[in-house]
Amino acid sequence: MKRITLIAFSLLGTMAMAQTPVVEFDGSFASVSEDGTAIELTVNISEAPMVEGTVDVVLVSGGTALEGVHFDFASDVTLTFPMGSTDSQSVSIPITDNAEDGSDLFFVLELDNDSNLDVGDQDVFSVYILDDDTAIPTGDESELDVNYLTSYLVDGDGTAEISAFDPGSQ
């Protein structure tokens, strides 16, 4: 729903209509390495507001990353867009580095509680945390060495019999 602000200029005897500025994230997702740095999210505004406007960046439940464990975003962040300014606003979210070999994770943020602004279509932002602790196995001569064959032909008909040897039932 778009809001229209009615501005009256009594000295000139004219009336002008101004649309309420729209705010939205500058994208829909980003990926960040789990290396202890932060991710910076930007919220753009469509035009300079006639009055100061605010919008909250809130954490949406349901992601696989846990706040306080994988990233730090303890409470909602209110972004303020000053009257007459088209400057974007941003929020920085620290990513926690750990030594656990785990899966990639994600969390989702949303724009909410707008005041004197409208929230645009790009109101949800997903952050993917890419695990950087993948353990690569090292070679060990005591381990079984297996070679992968794409095919193996036993006889001319293309059949093979596979049997298991059980010394207890022999």
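The values are calculated or read from the model by the stated rules, or taken from the named source; none is laboratory data. All values reported here derive from a predicted model rather than from experimental measurement. The protein model used for the area step is the full one, side chains on, heavy atoms only, and it has no ligands, DNA or RNA in it. Shrake-Rupley method; radii C 1.70, N 1.55, O 1.52, S 1.80 Å.
Quantify, in whole percent, the carbon and sulfur part of the accessible surface of segment 47-104 (1.4 Å probe; protein heavy atoms only).
Result for segment 47-104: 48 percent of the exposed heavy-atom area is carbon or sulfur.
Given a 1.4 Å probe, how much area per residue of segment 43-107 is accessible, in Å²?
53 Å²
Cα gyration tensor of segment 31-99, axes a ≥ b ≥ c as square roots of the eigenvalues: rounded (a/c below 1.5), prolate (a/b > b/c) or oblate?
In terms of gyration-tensor shape, prolate.
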